[in-house]
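To start, the structure itself, in structure tokens.
The values are calculated or read from the model by the stated rules, or taken from the named source; none is laboratory data. This is a predicted model, so every value here is computed, not measured. As a convention, Cβ positions derive from the backbone with ideal geometry for all residues, glycine included, and neighbour counts pool all protein chains shown.
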Amino acid sequence: MKLKAIFITTLFFSVSSATFAGTCEIHYLRTACPGKEEISYKKCKGKKECTKKKRAESIDECRKNALKSCGNSRLDITESKVITAKFDGAVVKTEDGKENFCAADRPDFNKCNVQ
């Protein structure tokens, strides 16, 4: 009887966690600094754009992941990014209704000439 209860409990938690988690697709489109295309696009296997899939518990978690993806620590390599996202196939938008999570006037964009 205990074994049956353990099995049912395990099955319940397996099914419920699968039901609540979804797929967050984050699409990256990079603009490289002049002459830095190869290294800028390396994170997308040499391509200017790609989509990476991550598990997310909710559309809000997917939105947070997309916003985090805008960060640019390689100022002299990547000029800017456009990040869009989908959660279980549905378009995810910013809180103000935009599809691109990266504001064009971010302080970590357009710094190609930084030495």
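At-a-glance table
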{"item": "Hits in region 32-64 (condition: in a loop (DSSP other than H, G, I, E, B) and closer than 14 Å to SER80 by Cα)", "result": "CYS33, PRO34, LYS36, LYS48"}
{"item": "Positions within region 82-95 being at pLDDT 95 or above and more than 12 Å from the chain's Cα centre (by Cα), in sequence order", "result": "ASP88, GLY89, ALA90, VAL91, LYS93, THR94"}
{"item": "Residues located in region 87-102, provided they are surrounded by fewer than 20 Cβ atoms within 10 Å (Cβ to Cβ) and assigned to a strand (DSSP E or B)", "result": "ALA90, VAL91"}
{"item": "Condition check for ASP76: among the charged types (D, E, K, R) and assigned to a helix (DSSP H, G or I)", "result": "no"}
{"item": "The one condition in (1) surrounded by 13 or more Cβ atoms within 10 Å (Cβ to Cβ); (2) modelled with pLDDT of 95 or more that LYS47 fails to fulfil", "result": "(1)"}
{"item": "Candidates GLU38, GLU79, filtered to the one that is exposed (fewer than 14 other Cβ atoms within 10 Å of the Cβ) and either at pLDDT 95 or above or farther than 21 Å from PHE20 by Cβ (or both)", "result": "GLU38"}
